[in-house]
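First comes the structure, then the notes that go with it.
The values are calculated or read from the model by the stated rules, or taken from the named source; none is laboratory data. Remember, it's a predicted structure, so these values are computed and weren't measured experimentally. Glycine gets a Cβ as well: all are built from the backbone with ideal geometry, and neighbour counts include every protein chain shown.
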Amino acid sequence: MSDILILNKFEKEKRVIELHKQGRTIRQIAPEVHMSFRDIAKIIKKYERKKELKAKREENKISSQPKKHSISSQAFILFKEGKQIDEVKVLLDIPFKFAIKYWVQYLKSIRMYECFEFYQNHSYDIPTFLSINTFLKRNDIYGKDIVNVLRTANDVINLNQTILNLKGEIEKLKQTKNNYSLNQNTMKIHYLPPLGPLPRYYNW
């Protein structure tokens, strides 16, 4: 009993908190620390408030930490920074097929996939396209003019094909005519002359 009486204020608060953590009620704590229910309740309330504030700070600290991006998101970030497919493969340590997959998804997200597809299909023709583009700029020709030229060229190709078809039909007709003439001459050669007067015994 004498040991308890010599506890100072801070030591009593510490003991109250220890007993509270152990699950003791205020009624059970009071006889041990020789404090009123009201003072004990204040200490416990103050302790619980500090505990709640600490928990909130920890929660805010965790939520404020940057979240780790997924592999695909990391790939998008690297592509946006100008990294090449092989670089992304090495940096993220992923198979090349996944690097290509993320590259295609990235291009689609920025509406550039058609350009990539065009490059894949016509990479060898790009120097020619660039030359055409230079010619257009130098001569102030617009895209719609080229469309008209290509449309006209297509019409010319169709006309040439029609001409070839007509020439073939004409040759067939000439052949048919020659065959007909040849048949007519053959029929004249084998045509029997008309008969003379019939013998008398045929005259009834």
Yes/no for ILE77 being within 21 Å of LYS9 (Cα to Cα), among the hydrophobic types (A, V, I, L, M, F, W, C) and out of contact with any Cys (no Cβ under 6 Å at 6 or more places or on another chain):
no
Quick test of your reading of the structure: ILE44 fulfils all but one of (1) under 60 Å from the mean Cα position of the chain (by Cα); (2) at pLDDT below 90; (3) part of a helix (DSSP H, G or I). Name the failing condition by number.
(2)
Does GLU58 qualify as being within 30 Å of LEU7 (Cα to Cα) and not polar (S, T, N, Q)?
no
Residues in the stretch 72-122 that are modelled with pLDDT under 85, surrounded by fewer than 13 Cβ atoms within 10 Å (Cβ to Cβ) and of a type outside the set (Lys, Arg) total 10
